[in-house]
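K.L.:
Below is a structure I'd like to ask you about.
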Amino acid sequence: MNSVRELAALGDVDPRVAAAAQQTALGRTVRSTTLWVAVALLAIILLFGALSDGVFLRADNISDMAVNSVIAVILAVGATFILGAGLLDLSIGSSLLLCSIVSAKVTTALAGSAEEVAAGVYPNLALGIAGGVAAGIACGALLGAVNGLIVTRLKLNSFIVTLATMGIFNGIALIVTNGVNVPNVPQQLQTDFAGSKLAGIPLPVFLAAIVAAAMWFVLTKTRFGMRTLAIGSSEEAARRANVPVDRHIVSLFVLMGVLAGIAGIVDLARFGTTNLEGHQTDALAAFAATVIGGTSLFGGRASVGGAVLGALIPVVLATGLVILDVVSFYQLVVVGVILILAVWLDQLRRSRFN
Amino acid sequence: MRPPVSTAERSTARAHAIELRDITKSFGHIQALRGATLQIRAGEVLAVVGDNGAGKSTLMKALSGNVVPTSGEIVIDGASAEIASVADAQRRGIFTVYQDLAQAPDLSALENVFLGREQLLGGIGRRIGLLARGEMRRRAEQALDDLGVTIPSVSRPVRDLSGGQRQAVAIARAVMWATTAVVMDEPTAALGARQTAIVYDTIKATAARGLAVVVVSHDIPNIVSLADRIAIMRHGRVLVTLESEKTNVDEVLRLMLGAEVTQ
Ligand SMILES: Nc1ncnc2c1ncn2[C@@H]1O[C@H](COP(=O)(O)OP(=O)(O)O)[C@@H](O)[C@H]1O
Ligand SMILES: [Mg+2]
């Protein structure tokens, strides 16, 4: 038995494996995509700070950027789970929109009579908002379940399914609103939630931080997170290990839907109205942020922290360019280049061991 | 009252005997098994050899629950046992190491060993599915150590391991959960000589733990020296089962390829 031990320990080990074994914690950190994204983001922030004579780094600007990132962060964190499981969900922008509409309609319906609401008077404001929040979240769960059930029951590719439901949900959003944004949403949503701060930090930013921290915890510490990555790494292996793969996939889409619903409520609260034209590229932006943050395009490896950083990059770039009086459209170009770099790095890492 | 048993002790094998009796299996017109009978003893390495198409894989699948026999009986410890699914087989303590590994390459060795049977922390941690990583790591390291396998780290993705090490991790997984038998269909088919040596030693260590190990292999010379007994299959039947000490490579090859049994 000893001979085997030595064989396995010394002679028979692939040199790359031996190198991996000797790899220090520091070495592993240096190779982590998340770290590099953090470094890149910090460099961008410092560069803008220097070029703008510090205007960029002022507390109010930082706070604005944080608020502007909230929706992207919430969606990217959800996308991390979906992509980690080797799935895609292109419908999240449409889900967000439809849920913000449902939330707005329920809020205005419960907050007072039609005449009262039209006059901006909300006798049952608390009930309206509570109902609207619950409806927005329930809407997200339902739309997610629809995606998940179609993918698992009909055994269809999630890319195609959610490409279809992206159109379907968007169509329903336009049908139920007749193409007109829902009017008379209580302003208190803006003033008391989106615009208010706790300890100097805007409430929506708190919400995004809590969502991100909770999802990081779930991904790294729980069975749910481990099985998510197992499915992404090898669905067949997960099935053979008796992991209830289909049920898990439905749960992932429901989770993603709930996060889209929450993002929809935040969107409603920030702008005081629904935004029928504003969410066409949300899904692509969320998955781009996720991939930039180090989640593998093929599933199996995922980073919530990286996704958060990846979601911040476009906002930071756009804000910085505006402050520097440069057309902010350059942001689109830069993010595209970063995305290609991130995917290329992921591919290099995979091919090294395959 | 019995004293509480530790989880490590709980997975230790007890001596179970399995008998596959007169198993037949047809796939449409093809008769893959035509009445195969095989006795499997606890603590032995039983090699199953035969020409391509002899029915080895199908017989192993009947044992692991991947194939439901057309007729015949599986008897465990004298009682008839229905094995209609992989879950049935696993409930009887029979675990399979698949030819194509069936591992999640991005997950670590410890995660692969525990996938589907994760250990959770107690109390509220159990309800939210909190992984007991420390305990899982300890058990995975112990299991690999018991099999005499050393890998760089149980926390690194198995993608980074050599083929033999990955196979050893797959075997460790089966050994960890099996209480009756570990079934392997050509576990070394894709491996080089040194990697194969790791796997063979792992197989011996598995049997030494009291489990029956049933191995399908084409590596006749090595398997004859590794196994305690050798079952030779031909045309969907087990032609004969030989004690490895009372036979040799030539005889096994001759029987495999069509000679009549003389003893
Ligand atoms: N799922 C199946 N469908 C049809 N024929 C099969 C199937 N599995 C095995 N067979 C046939 O059964 C016979 C025995 O196959 P198998 O058990 O794989 O043999 P071995 O593993 O000894 O090479 C072969 O003729 C094979 O083609
Ligand atoms: Mg075979």
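K.L.:
Do the conditions hold for A:LEU309, that is, is it touching a helix residue (DSSP H, G or I) at 6+ places or on another chain (Cβ under 6 Å) and closer than 20 Å to A:ALA40 by Cβ?
P.N.:
Details: touching a helix residue (DSSP H, G or I) at 6+ places or on another chain (Cβ under 6 Å): yes; closer than 20 Å to A:ALA40 by Cβ: yes.
Criteria met by A:LEU309.
K.L.:
Can you tell me which residue in the range B:86-111 is surrounded by the fewest Cβ atoms within 10 Å (Cβ to Cβ), limited to those that are within 16 Å of ligand 1 (Cβ to nearest atom) and in a loop (DSSP other than H, G, I, E, B)?
P.N.:
Within the range B:86-111, the subset within 16 Å of ligand 1 (Cβ to nearest atom) is B:86, B:96-100.
So of that shortlist, the ones also in a loop (DSSP other than H, G, I, E, B) come out as B:98-100.
Details: B:TYR98: 19, B:GLN99: 17, B:ASP100: 11.
Step by step, filter the range B:86-111, then rank; the result is B:ASP100.
K.L.:
How many residues does the range B:178-208 hold that are under 19 Å from B:GLN39 (Cα atoms), in a loop (DSSP other than H, G, I, E, B) and not aliphatic (A, V, I, L, M)?
P.N.:
Matching residues across the range B:178-208 total 2.
K.L.:
Out of everything in the range B:212-237 that is open to solvent by 10 Å² or more (accessible area, probe 1.4 Å) and away from ligand 1 (no atom under 16 Å from the Cβ), what residue ends up being farthest from the other protein chains (Cβ to nearest Cβ)?
P.N.:
B:ARG229
K.L.:
Of the conditions (1) under 30 Å from A:ASN178 (Cα atoms); (2) open to solvent by 40 Å² or more (accessible area, probe 1.4 Å); (3) acidic (Asp, Glu), A:ASP325 satisfies every one except a single condition; which number is it?
P.N.:
(1)
K.L.:
Go through the range B:101-138 and report how many residues are over 18 Å from B:GLN167 (Cα atoms) and of a type outside the set (A, V, I, L, M).
P.N.:
Of the range B:101-138, the ones over 18 Å from B:GLN167 (Cα atoms) are B:116-138.
If we keep only those that are of a type outside the set (A, V, I, L, M) too, we end up with B:116-119, B:122-123, B:125-127, B:129, B:133-135, B:137-138.
Adding up the residues that qualify gives 15.
K.L.:
Examine the range B:116-131 for a residue that is crowded, with 18+ Cβ neighbours inside 10 Å and either more than 10 Å from chain A (Cβ to nearest Cβ) or touching a His at 6+ places or on another chain (Cβ under 6 Å) (or both), and state whether such a residue exists.
P.N.:
Within the range B:116-131, none of the residues are crowded, with 18+ Cβ neighbours inside 10 Å and either more than 10 Å from chain A (Cβ to nearest Cβ) or touching a His at 6+ places or on another chain (Cβ under 6 Å) (or both).
K.L.:
Do you know which of the residues in the range A:292-322 that are small (Gly, Ala, Ser), open to solvent by 10 Å² or more (accessible area, probe 1.4 Å) and assigned to a helix (DSSP H, G or I) is farthest from A:GLY78 (Cα to Cα)?
P.N.:
For the range A:292-322, the residue satisfying everything is A:ALA318.
K.L.:
In addition: Of all residues in the range A:123-161, which are within 27 Å of A:ALA85 (Cα to Cα), open to solvent by 50 Å² or more (accessible area, probe 1.4 Å) and in a helix (DSSP H, G or I)?
P.N.:
Applying the first criterion (within 27 Å of A:ALA85 (Cα to Cα)) to the range A:123-161 yields A:136-161.
Next cut, open to solvent by 50 Å² or more (accessible area, probe 1.4 Å) only: A:137-138, A:142, A:146, A:149-150, A:153-157, A:159-160.
Of everything in the range A:123-161, those that are within 27 Å of A:ALA85 (Cα to Cα), open to solvent by 50 Å² or more (accessible area, probe 1.4 Å) and in a helix (DSSP H, G or I) turn out to be A:ILE137, A:ALA138, A:LEU142, A:VAL146, A:LEU149, A:ILE150, A:ARG153, A:PHE159, A:ILE160.
K.L.:
Can you find a residue that is under 25 Å from B:VAL75 (Cα atoms) and within 16 Å of ligand 2 (Cβ to nearest atom) anywhere in the range B:206-213? If you could, list the steps in order and put the result at the bottom.
P.N.:
Step one: filter the range B:206-213 for residues under 25 Å from B:VAL75 (Cα atoms), giving B:206-213.
Subset that is within 16 Å of ligand 2 (Cβ to nearest atom): none.
Within the range B:206-213 (the criterion being under 25 Å from B:VAL75 (Cα atoms) and within 16 Å of ligand 2 (Cβ to nearest atom)), the answer is no, since none of the residues qualifies.
K.L.:
Pull up the range B:159-211, narrow it to residues that are of a type in the set (Asp, Glu) and within 11 Å of another protein chain (Cβ to nearest Cβ), then point me to the one that is farthest from the chain's Cα centre (by Cα).
P.N.:
Per the criteria, the residue is B:ASP160.
K.L.:
State whether the residues of the range B:60-78 include one that is touching a residue at least 40 places away in the same chain (Cβ under 8 Å), within 16 Å of B:ILE223 (Cβ to Cβ) and either open to solvent by 40 Å² or more (accessible area, probe 1.4 Å) or touching an Asp or Glu at 6+ places or on another chain (Cβ under 6 Å) (or both).
P.N.:
Looking for residues that are touching a residue at least 40 places away in the same chain (Cβ under 8 Å), within 16 Å of B:ILE223 (Cβ to Cβ) and either open to solvent by 40 Å² or more (accessible area, probe 1.4 Å) or touching an Asp or Glu at 6+ places or on another chain (Cβ under 6 Å) (or both), one finds at least one in the range B:60-78, hence yes.
K.L.:
Looking only at the range B:70-108, how many residues end up being within 12 Å of chain A (Cβ to nearest Cβ) and either over 18 Å from the mean Cα position of the chain (by Cα) or of a type in the set (Phe, Trp, Tyr) (or both)?
P.N.:
7
K.L.:
So which helices (runs of 4 or more DSSP H) stay within the range A:223-291 end to end and still have 2 or more residues that are under 16 Å from A:GLY132 (Cα atoms) and open to solvent by 20 Å² or more (accessible area, probe 1.4 Å)? I'd like the intermediate steps shown before the answer.
P.N.:
Numbers: elements: A:223-233, A:235-240, A:245-271.
Output list reads A:245-271.
K.L.:
May I pose another question? List the residue pairs whose Cβ atoms are under 8 Å apart, where the first residue sits in the range A:174-190 and is open to solvent by 70 Å² or more (accessible area, probe 1.4 Å), the second is in a loop (DSSP other than H, G, I, E, B) and of a type in the set (Gly, Ala, Ser), and the two are 6 or more positions apart or on different chains.
P.N.:
Once the first residue is open to solvent by 70 Å² or more (accessible area, probe 1.4 Å) and sits in the range A:174-190, its partners that are in a loop (DSSP other than H, G, I, E, B) and of a type in the set (Gly, Ala, Ser) give A:GLN187/A:GLY120; A:GLN187/A:GLY272.
K.L.:
Answer yes if at least one residue in the range A:50-62 is over 28 Å from A:LEU321 (Cα atoms) and not in a helix (DSSP H, G or I), and no otherwise.
P.N.:
Looking only at the range A:50-62, we keep the residues that are over 28 Å from A:LEU321 (Cα atoms), and these are none.
Looking for residues that are over 28 Å from A:LEU321 (Cα atoms) and not in a helix (DSSP H, G or I), one finds none in the range A:50-62, hence no.
K.L.:
Could you list all residues from the range A:296-354 that are closer than 25 Å to A:ALA212 by Cα and within 14 Å of chain B (Cβ to nearest Cβ)?
P.N.:
If the condition is that a residue be closer than 25 Å to A:ALA212 by Cα and within 14 Å of chain B (Cβ to nearest Cβ), then A:SER296, A:LEU297, A:PHE298, A:GLY299, A:GLY300, A:ARG301, A:ALA302, A:SER303, A:ASP346 are the ones that fit.
K.L.:
Going through B:ALA54, B:ALA32 one at a time, which residue ends up being assigned to a loop (DSSP other than H, G, I, E, B), open to solvent by less than 40 Å² (accessible area, probe 1.4 Å), within 16 Å of ligand 2 (Cβ to nearest atom) and aliphatic (A, V, I, L, M)? Can you show your working first?
P.N.:
Values: B:ALA32 fails: assigned to a loop (DSSP other than H, G, I, E, B).
Just one listed residue meets the conditions, B:ALA54.
The values are calculated or read from the model by the stated rules, or taken from the named source; none is laboratory data. Bear in mind the structure is a predicted one, so any value in this text is a computation, not a measurement. Don't worry about glycine lacking a Cβ; one is built from the backbone with ideal geometry, like all the others, and counts go over all protein chains shown. Note: areas computed on protein heavy atoms with side chains; ligands, DNA, RNA excluded. Shrake-Rupley method; radii C 1.70, N 1.55, O 1.52, S 1.80 Å.
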